[in-house]
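Derivation of every value follows stated rules applied to the coordinates shown; laboratory data play no part. Values in this document were obtained by computation on a predicted structure and should not be read as measured data. We place every Cβ from the backbone using ideal geometry, glycine too, and count neighbours over all the protein chains shown.
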Amino acid sequence: MPLEVKELQLILGDESLSPKERHYVKDAIKKFQKLENRGIVEGANVVGVTCIASTFEVLDDGSFPIVILDEAR
């Protein structure tokens, strides 16, 4: 987990945050996690997902030379 995400999670523990501030911090955490996950996917030799997970944002703009779909009818 990147240091930035850990720091943001600590900030979330601050009970003086307003709901709006809490929302901004949670959004920032999601953005960092998406970037981290995208880097993992881009560097992988094999990516396995279910049909429903193939719609996740982390796979947007991804390019794969081979796709095997086992759940097709």
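A few comments on the model shown:
- One decimal place: the segment Ala44-His23 gains 4.4 nm when fully extended, by the rule 0.36 nm per residue minus the C-alpha distance.
- GluC sites (Glu not before Pro) lying in DSSP loop within the chain, provided at most 11 other Cβ fall within 10 Å: Glu15, Glu71
- Efficiency of FRET from Cβ geometry, Ile66 and Lys31, R₀ 35 Å, rounded to 0.05: 0.70
- In order along region 53-63, the phi-based Karplus estimate (6.51 cos²θ - 1.76 cosθ + 1.60, θ = phi - 60°) of 3J(HN,Hα) comes to 6, 5, 8, 5, 4, 4, 8, 4, 6, x, 10 Hz; Gly and Pro are listed as x.
- Across the chain, the relative contact order, built from alpha-carbon pairs under 8 Å that are at least six residues apart, equals 26 percent.
- Sparsely packed trypsin sites (Lys or Arg not before Pro) within region 1-56, loop by DSSP, other Cβ within 10 Å at most 15: none
- On Cα atoms only, tilt of 3-12 relative to the major axis of the chain in degrees: 50
- Nearest-20 debye value, region 11-73 charge dipole, Cβ charges on Lys, Arg, Asp, Glu: 120
- Matching label, Rg and Dmax of the Cα atoms in Å computed from the structure shown, candidates [x] 11.6, 34; [y] 16.6, 53; [z] 13.7, 49: [y]
- Helix axis angle, 19-43 relative to the chain longest principal axis, alpha carbon, degrees: 30
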